[in-house]
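Undergrad: This structure is in structure tokens; I'll ask about it shortly.
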Amino acid sequence: MWSAGRSAAAVALLFCPALAYAQSPQVLPEIQVISTSPLGATIDRDKVPALVQSVTSEDFARTYNNPNVTDTLFQNIPGVSSSDQQGNSFQTDIRYRGFVASPVPGQPQGLAVYMNGMRINEAFGDTVNFDFIPSNAVNRADIQSNNPVFGLNALGGAINFQMKNGFTFQGFEGEYSLGSYGRISTGMQYGIQRGDVAAYIAVQGLNEMGWRQHSPSQLARIYADVGWRHDGNEVHLTFGAASNAFGVVASAPIELLQQDWHAIYTWPQTTQHQNIYGSANGKYMVSENWTLQGNFYVRSFRQAHLDGNGADVERCSNASSFPNKLCLEDDGFPRPNPVTVGFRNQFVILDQNNNPIPCPPGAGNTCASVPYGTIDRTNTDAVTVGASLQATSDARVFDHGNRFAIGGSIDHSWTNFTSSSTLAFINPDLQVVINPAIPGNGQVIHTLGNIGFIPVDLAAQNTHLGLYATDTFDITPQLSVTAGGRLNVANLKMVDQTGAAPDLNNDLTYTRFNPLVGATYKVLAGLTLYGGYSESNRAPTPLELGCSNPNRPCLIESALVSDPPLNQVVSHTYEAGLRGDLPVWNGRVDWKVGAYRTDVTDDIITTASNIQGRGVFQNVAATRRQGIEAGAKYVEPRWMAYASYSFIDATYQFNGKVASPNNPFADANGDIFIVPGNKIPAIPAHQFKAGADVFVTPEWKIGADLAVVGSQYFVGDDGNQNPKVPAYWTTNLHTSYQVTKEFQVFGLITNVFNQRYYTYGTFFELDGVAKAVSYTFSDPRTVTPAQPLAFYGGLRVKLN
């Protein structure tokens, strides 16, 4: 097997543009402008000392009928991988260089995401809900690495979505499609310009039954922009809203899927999302060389999550003060010696009136045979107000080219988070329901010691302040150097509204300055060498702080119980590479190859608890992500082709134990041991992507996309002792026919060869539902299966 070094060399040779350059030496490449700040401090890409990649509106439109912006990012960016922890294709997360942007509460987030200068990482857990973004309204997305200007969370980089407006899109475009699993999808966009004024609106809607059991999805979202521009000055008022619902069915035991690929585990699991925002942003030419840009926004986010789960409960010990009552299992908790009555009593389960719950009537241990479950509910209601201001200058300095930017931002959020667990019953089909015949069913429960089950009503406030400056100076026409940095200040306040969880009360401030240095050298027209170093940080979120006490684990999406302070996470990134953009024959080839290394201190990870479904956030001393990325894309009038490869070595860099009680190799305390070099789970080391579009005739186009994704360790297998989630490959086909100038028909086939593969894997408690079913689980692996073969077709209308 080739080493990473040989792989890098092979890829560099594969994408080397020397021959192409020799064929067309007199034609200069196009200048590609990149935005290197959330507000748009634009600069020639060849002067950016890091890998920056752009995905255009044409790329988003190419995958007909696909409302997921994450799929387009995965397809076009070499270092982006995707996983499906939620089990719903509209709730997928993406990882760039091993750092995640995910809608799943509890995933430690490592990417900063912006839309038109507005930060869209949610306040409570830094989650990113890509389902709010209408894919037809995206003008472009820039993916940045090695740039602290994007503020908190930019550990591995940032994604900056820039939306369409009436100046960039005119006319009408509508789309309607039908497809497998009951999907009905529609979309529309319209743009108009009249002199200095323009308007744009886009809507998208989707309804489908879902390919797995009990997994319907509904999407409804809108984006609108009204703008004015004159003599370099510009003002835009934007509005957006979304109301989405998902049957989020999550992973399932591998033994269930071997019997039925559509199977699910405990249910119901549903998520409802609502989002509404308005913003005003503008640009003002102060002088010939100075430009002032600003942004102000108000954004609300609401999430309601319902989740049916098994419950780790048992009859209370006779040594407690509550014989023949219901208790939380105390296995795995540190026990005093001798075990006291007070220790036993803290696990007794109380109803909403603070009464202990009896076992069902009868002789003996009648609690033992009951398949207890819980219906867990969370509600998150957040409002964020933000503003930013930036000044840029392209005035020459000592008669040398120079681009200077200075700016600041403030984002303040108010969040109310509530959660509760209702005692329930698990049916043989694994549906979690209320059974009135069982005492306590339908009651909101908590434990006497506020362990495991505890209703939560938490008020949190986040204030994020940032000040930044960068300067790119041309030492020579070929050599440019960049220096700058950003100061981040994050204040988090948390107040328990119930009075039952005073440990949640906190007021913490995290401060850090992150530097940036780098240089670029234009070796030849169309060939640039770059290299740079940067640091970035992220502060722990209220969600993480509220679930960081290993003696009081919480159901990540359902309850917070205790919050010992966590340290902020800091990344240190080095990278270097080559890139180019050259004319070849009748088209152009854009290519890049680079290497990077990111060392992270005080990384935050999620570890499991001995209580079913519970977990804890904790800092670990050090982690590392390093690798190579390479890609090339050729475009000419009649055809397009692309190929990319990425290698990532994501490892822990410390010795220590972490909890993973469901891991088959865990010790008697439920811990596994990590040594430096162990791979971080859920990050595939190798990825290869390729695709092409060809116009068979001027009206008929066909295309295909291939993705090959390497194996990855199961989440919870941080010691790398179990078999991996297997590697997989999948292929999609699409075609379109232009019936008239205005009307087009199209078709799409996904997973053409009906490959059966998993996108995510972790472990579960084998006896979690043992009392509800007649069979016994013997394999602790639980995985998310990929959607089988699917067909979609539709009509697109475009009027100018």
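Undergrad: I'm told Asn146 meets every condition in (1) at pLDDT below 95; (2) closer than 19 Å to Phe617 by Cα; (3) surrounded by 24 or more Cβ atoms within 10 Å (Cβ to Cβ) except one. Can you identify the failing condition by its number?
TA: (2)
Undergrad: Collect the residues in the range 714-756 that are open to solvent by less than 30 Å² (accessible area, probe 1.4 Å) and within 30 Å of Val432 (Cα to Cα), keeping them in residue-number order.
TA: Within the range 714-756, Phe714, Gly716, Asp717, Val725 meet the criteria.
Undergrad: In this structure, does Ile680 turn out to be of a type in the set (A, V, I, L, M, F, W, C) and either surrounded by fewer than 19 Cβ atoms within 10 Å (Cβ to Cβ) or under 24 Å from the mean Cα position of the chain (by Cα) (or both)?
TA: So Ile680 fits the description; yes.
Undergrad: If Thr731 meets every condition in (1) within 25 Å of Gln91 (Cβ to Cβ); (2) of a type in the set (Ser, Thr, Tyr); (3) out of contact with any Leu (no Cβ under 8 Å at 6 or more places or on another chain) apart from one, which number is that one?
TA: Unmet condition: (3).
Undergrad: Looking at Phe425, Phe473 in this structure, which one is more than 30 Å from Asn506 (Cβ to Cβ), without any contact (Cβ under 8 Å) to a residue 60 or more places away in the chain and not hydroxyl-bearing (Ser, Thr, Tyr)?
TA: Phe425
Undergrad: Just to be sure before I move on: is Thr186 farther than 30 Å from His572 by Cα, in contact with a Phe, Trp or Tyr (Cβ under 6 Å, 6 or more places away or on another chain) and either charged (D, E, K, R) or open to solvent by 30 Å² or more (accessible area, probe 1.4 Å) (or both) in the structure I sent?
TA: Yes, satisfied.
Undergrad: Here's another thing I want to ask about it. I need the full set of residues from the range 416-445 which are over 29 Å from Leu458 (Cβ atoms) and of a type in the set (A, V, I, L, M), in order please.
TA: Leu430, Ala437, Ile438
Undergrad: Now for a separate question. Any residue in the range 395-413 that is open to solvent by 20 Å² or more (accessible area, probe 1.4 Å), small (Gly, Ala, Ser), in a strand (DSSP E or B) and out of contact with any helix residue (DSSP H, G or I) (no Cβ under 9 Å at 6 or more places or on another chain)?
TA: Checking the range 395-413: at least one residue is open to solvent by 20 Å² or more (accessible area, probe 1.4 Å), small (Gly, Ala, Ser), in a strand (DSSP E or B) and out of contact with any helix residue (DSSP H, G or I) (no Cβ under 9 Å at 6 or more places or on another chain).
Undergrad: Quick check on my filter: what residues within the range 414-459 are within 30 Å of Gln213 (Cβ to Cβ), in a strand (DSSP E or B), open to solvent by 30 Å² or more (accessible area, probe 1.4 Å) and not aliphatic (A, V, I, L, M)?
TA: Those that are within 30 Å of Gln213 (Cβ to Cβ), in a strand (DSSP E or B), open to solvent by 30 Å² or more (accessible area, probe 1.4 Å) and not aliphatic (A, V, I, L, M): Thr418, Phe425, Gln431.
Undergrad: I would also like to ask the following. Go through the range 718-800 and tell me which strands (runs of 3 or more DSSP E), entirely inside it, have 1 or more residues that are of a type in the set (Gly, Ala, Ser) and under 22 Å from the mean Cα position of the chain (by Cα).
TA: 758-763
Undergrad: Between a first residue in the range 319-341 that is touching a residue at least 12 places away in the same chain (Cβ under 8 Å) and under 21 Å from Pro361 (Cα atoms) and a second residue that is surrounded by 13 or more Cβ atoms within 10 Å (Cβ to Cβ) and among the acidic types (Asp, Glu), which pairs have beta carbons less than 9 Å apart while being 6 or more apart in sequence or on different chains?
TA: Here the result reads Leu326/Glu314; Cys327/Glu314; Leu328/Asp312; Leu328/Glu314; Glu329/Asp312; Glu329/Glu314, each pair linking the range 319-341 to a residue that is surrounded by 13 or more Cβ atoms within 10 Å (Cβ to Cβ) and among the acidic types (Asp, Glu).
Undergrad: Still on this structure, I have one more. Mind counting the residues in the range 753-800 that are under 29 Å from Met188 (Cβ atoms) and touching a strand residue (DSSP E or B) at 6+ places or on another chain (Cβ under 6 Å)?
TA: Residues meeting the conditions: 11.
Undergrad: Looking at the range 30-50, which of the residues that are among the hydroxyl-bearing types (Ser, Thr, Tyr) and within 25 Å of the chain's Cα centre (by Cα) is most open to solvent (accessible area, probe 1.4 Å)?
TA: Thr36
Matching residues to (1) outside any loop (DSSP other than H, G, I, E, B); (2) surrounded by fewer than 24 Cβ atoms within 10 Å (Cβ to Cβ); (3) not charged (D, E, K, R):
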| residue | (1), (2), (3) |
| --- | --- |
| Arg95 | yes, no, no |
| Ala112 | yes, no, yes |
| Ala123 | no, no, yes |
| Asp126 | no, no, no |
| Ala154 | no, no, yes |
| Thr168 | no, yes, yes |
| Gly174 | yes, yes, yes |
| Tyr181 | yes, yes, yes |
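Undergrad: Take the conditions more than 30 Å from Pro371 (Cβ to Cβ) and over 28 Å from the mean Cα position of the chain (by Cα) and apply them to Ala459. Does it pass?
TA: It is false that Ala459 is more than 30 Å from Pro371 (Cβ to Cβ) and over 28 Å from the mean Cα position of the chain (by Cα).
Undergrad: With the condition kept exactly as written, say whether any residue in the range 371-384 is assigned to a strand (DSSP E or B) and more than 31 Å from the chain's Cα centre (by Cα).
TA: Looking for residues that are assigned to a strand (DSSP E or B) and more than 31 Å from the chain's Cα centre (by Cα), one finds at least one in the range 371-384, hence yes.
Undergrad: Go through the residues of the range 236-244 one by one and say whether even a single one is open to solvent by less than 50 Å² (accessible area, probe 1.4 Å), of a type in the set (A, V, I, L, M, F, W, C) and within 24 Å of Ile133 (Cα to Cα).
TA: Yes, because at least one residue in the range 236-244 is open to solvent by less than 50 Å² (accessible area, probe 1.4 Å), of a type in the set (A, V, I, L, M, F, W, C) and within 24 Å of Ile133 (Cα to Cα).
Undergrad: Only one of these is open to solvent by 20 Å² or more (accessible area, probe 1.4 Å), modelled with pLDDT of 95 or more, assigned to a strand (DSSP E or B) and touching a Leu at 6+ places or on another chain (Cβ under 6 Å): Leu487, Leu465. Name it.
TA: Exactly one residue qualifies, and that residue is Leu487.
Okay, residues lined up against (1) assigned to a strand (DSSP E or B); (2) in contact (Cβ under 8 Å) with a residue 40 or more places away in the chain; (3) at positive phi; (4) surrounded by fewer than 23 Cβ atoms within 10 Å (Cβ to Cβ):
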site: Asp602; (1), (2), (3), (4): yes, no, yes, yes
site: Thr606; (1), (2), (3), (4): yes, yes, no, yes
site: Gln618; (1), (2), (3), (4): yes, yes, no, yes
site: Ala643; (1), (2), (3), (4): yes, yes, no, yes
site: Ile648; (1), (2), (3), (4): yes, yes, no, no
site: Thr651; (1), (2), (3), (4): yes, no, no, yes
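Undergrad: Just need a number here: residues in the range 263-299 that are of a type outside the set (Val, Ile, Thr) and either in a helix (DSSP H, G or I) or closer than 26 Å to Arg377 by Cβ (or both).
TA: 11
Undergrad: With the requirement that a residue be buried (at least 17 other Cβ atoms within 10 Å of the Cβ) and within 16 Å of Ser571 (Cβ to Cβ), what does the range 490-530 give you?
TA: Ala490, Tyr510, Arg512, Asn514, Leu516, Gly518
Undergrad: Something else about it: Tell me, please, whether a residue that is modelled with pLDDT under 95 and either open to solvent by 40 Å² or more (accessible area, probe 1.4 Å) or of a type in the set (D, E, K, R) (or both) can be found in the range 298-311.
TA: yes
The values are calculated or read from the model by the stated rules, or taken from the named source; none is laboratory data. This structure is a prediction, so every number in the text was calculated from the model and none was measured. Every residue, glycine among them, receives a Cβ derived from its backbone with ideal geometry; neighbour counts consider all protein chains shown. Each accessible area value is taken on the protein alone, full model and side chains, heavy atoms only, with ligands, DNA and RNA left out. Shrake-Rupley method; radii C 1.70, N 1.55, O 1.52, S 1.80 Å.
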